1. Residue by residue through the range 145-155, what is 3J(HN,Hα) from phi via Karplus (6.51 cos²θ - 1.76 cosθ + 1.60, θ = phi - 60°)? Round to whole Hz and write x for glycine and proline.
2. Could you line up E19, E13, E140 from fewest to most neighbouring Cβ atoms inside 10 Å?
3. Using per-residue counts of other Cβ atoms within 10 Å, averaged over each peptide, order 36-47, 73-84 from highest down.
4. Run the simple label-point estimate for V163 and S135 please: 7 Å along Cα→C-beta, distance reported in nm.
5. Find out how many positive minus negative residues lie around P136, taking Lys and Arg as positive, Asp and Glu as negative, among other residues whose Cβ is under 9 Å from that of P136.
6. Given R₀ = 35 Å, FRET efficiency for D30-R90 by Cβ-Cβ distance, to 0.05?
7. Can you give the local net charge around V92? Use residues other than it whose beta-carbon is closer than 12 angstrom to its beta-carbon, Lys and Arg +1, Asp and Glu -1.
8. For an R0 of 22 angstrom, estimate the FRET efficiency from the Cβ-Cβ distance between R98 and D51 and round to the nearest 0.05.
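Any read-out appearing in this document is the output of simple, stated calculations on the displayed coordinates, not a laboratory observation. Since the model is a prediction, treat every value here as computed from it, not as a measurement. Don't worry about glycine lacking a Cβ; one is built from the backbone with ideal geometry, like all the others, and counts go over all protein chains shown.
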Amino acid sequence: MIAEESGRADDAELIRRSEHTPEAFADLFDRHAPALRRYVARRLGPSLADDIVSDAFLAAFRRRNRYDASHPDARPWLYGIAARLISRHRRVEVRFYRALVRSGVDEIAVPYTERVDDRVAAQQAGLAAALAGLSPGDREVLLLVAWADMAYEDVARALDIPVGTVRSRLHRARARTRQALGGSNPAVTREESFDG
């Protein structure tokens, strides 16, 4: 198996080791659970995040013998499991976005930003409304790319769909989100808008 340059075992190696030494799976949890929890909390709120992450890692542990070891990074696999668990809570997710529209403050994202200007705060409510209006498949692809920072190929692997489907869903989700925000792109910073 491939190991990272730092001498640390890659995810596939940890999963392989855990088949003989189950405690090795804890390293995979330590490596990925914090980011996965933040992602789930942004989707469903903090009250469900711990349960979803625990259930995702439990499911991953139970299926670890079926992991494709040709992929050294287990993030897409783990996020795919979490995505299926999140899908059981679609109504909660939409209610969470609608509450965000009413309050205008994303309490999960704010602590991770160094500053929030008026423009970003105003767009949060619009973005939440746009996310609530997307189809589940489009929303899943958009958020895996935007919030989990996944490449198209990783999203395809996570959701078990072709890369072309990822591209078309992402294009549609971006277009609908941009339209819901009145044509503005929430990913463009104030500095970029003055440069272009």
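1. Those phi angles translate into 6, 7, 9, 9, 6, 9, 6, 4, 5, 5, 5 Hz.
2. Ordered by Cβ neighbours within 10 Å, fewest first: E19, E13, E140.
3. With the highest mean Cβ count within 10 Å placed first, the list reads 73-84, 36-47.
4. If labels sit at V163 and S135, their model points lie 2.2 nm apart.
5. Charge balance near P136 sits at -1.
6. With R0 = 35 Å, the Cβ-Cβ based efficiency is 0.75.
7. +4
8. That gives a FRET efficiency of 0.55.
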